[in-house]
Amino acid sequence: AQSVTQLGSHVSVSEGALVLLRCNYSSSVPPYLFWYVQYPNQGLQLLLKYTTGATLVKGINGFEAEFKKSETSFHLTKPSAHMSDAAEYFCAVSDRDGNNRKLIWGLGTSLAVNP
Amino acid sequence: NAGVTQTPKFQVLKTGQSMTLQCAQDMNHEYMSWYRQDPGMGLRLIHYSVGAGITDQGEVPNGYNVSRSTTEDFPLRLLSAAPSQTSVYFCASSRTGGGYTFGSGTRLTVV
């Protein structure tokens, strides 16, 4: 069965510093990969996704993620953190079978940005 | 487009009461799902649907029913509310190959 591991339930960075949120998955074949962000008291919003093609994926708000098959990883990065980036971030994967759209979710990483 | 609309946003129920959480999407997405979100437990799938007339159970289906009579609507019914069902509930929809679009959630408290 697939699983998703997000290393670090809480990450704290200074404003302007690099943001790195880690996500590893277990799957026998490369899945579809997603990062979502959840601001307080709101629903989840898609940041970016990898389905096929270029392994470096750019998303909204300056975030990007790189799919590394050999490492089964899909880490999320942003060169310079803003205060507005403080939120909960979720990594998720789904099977490539078009009939199976269930997502497997990580438990989330809470990002704090310090002034 | 409104996206995914969930109602109500907040609800307090007494133990044993029943209610329906509404979810509607206007994007013609074939796939819809219901999640509950609890602290420290991430998102857990309750039920999902791959199209009108087709539903299936997720990982925590007990105490909940769903139906999908149209592409647009996917209501979640709580049959007999229990305090363990106190949670935030999210509805989401997607099309094949796309990411999910989430509703803004329903915060449910069962007393």
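The values are calculated or read from the model by the stated rules, or taken from the named source; none is laboratory data. Note that this is a predicted model, so its numbers are computed, not measured. Cβ placement follows ideal geometry from the backbone for every residue including glycine, while neighbour counts extend to all protein chains displayed. SASA here: full protein model, heavy atoms, side chains in, ligands and nucleic acids out. Shrake-Rupley method; radii C 1.70, N 1.55, O 1.52, S 1.80 Å.
Just a few scattered comments:
- Distance between the C-alpha centres of segment B:8-76 and segment A:42-115: 24 Å, rounded to the whole angstrom.
- Buried surface for the B/A pair, taken as the accessible area of each chain alone minus that of the pair with a 1.4 Å probe, is close to 1600 Å² in total.
- Between B:Ser69, B:Ser104, A:Val57, the Cα set farthest toward the positive side of the dipole of the protein assembly as shown (charges on each charged residue's Cβ, about the Cα centre) is that of B:Ser69.
- Carbon + sulfur, % of accessible area of chain A - ligands and nucleic acids excluded, 1.4 Å: 52 percent
- Unit Cα scatterers, Debye sum, chain B: log10 I(q)/I(0) for q = 0.14, 0.20, 0.22 Å⁻¹: -0.50, -1.02, -1.22
- Element breakdown for chain B at a 1.4 angstrom probe: carbon and sulfur atoms account for 50% of the accessible area.
- Ratio of the Cα radius of gyration of chain A to 2.2 N^0.38 Å, where N counts its residues: 1.02
- Measuring nothing but how far apart in sequence close Cα pairs (under 8 Å, 6+ apart) lie, relative to its length, segment B:3-111 scores a relative contact order of 37 percent.
- Highest mobility in the GNM of chain A, judged by mean-square fluctuation with C-alpha springs under 10 Å and restricted to A:Asn61, A:Asn41, A:Asn24, is found for A:Asn41.
- Rounded to the nearest 20 debye, the dipole magnitude of chain A is 260 debye, with +1 charges on Lys and Arg beta carbons, -1 on Asp and Glu beta carbons, and the Cα centre as origin.
- Volume of the convex hull of the protein assembly as shown (Cα atoms only), normalised per residue: 122 Å³.
- Qualifying trypsin sites (Lys or Arg not before Pro) in segment B:1-89, where qualification requires a DSSP coil assignment and no more than 14 other C-beta atoms within 10 Å, comprise B:Lys9, B:Lys14.
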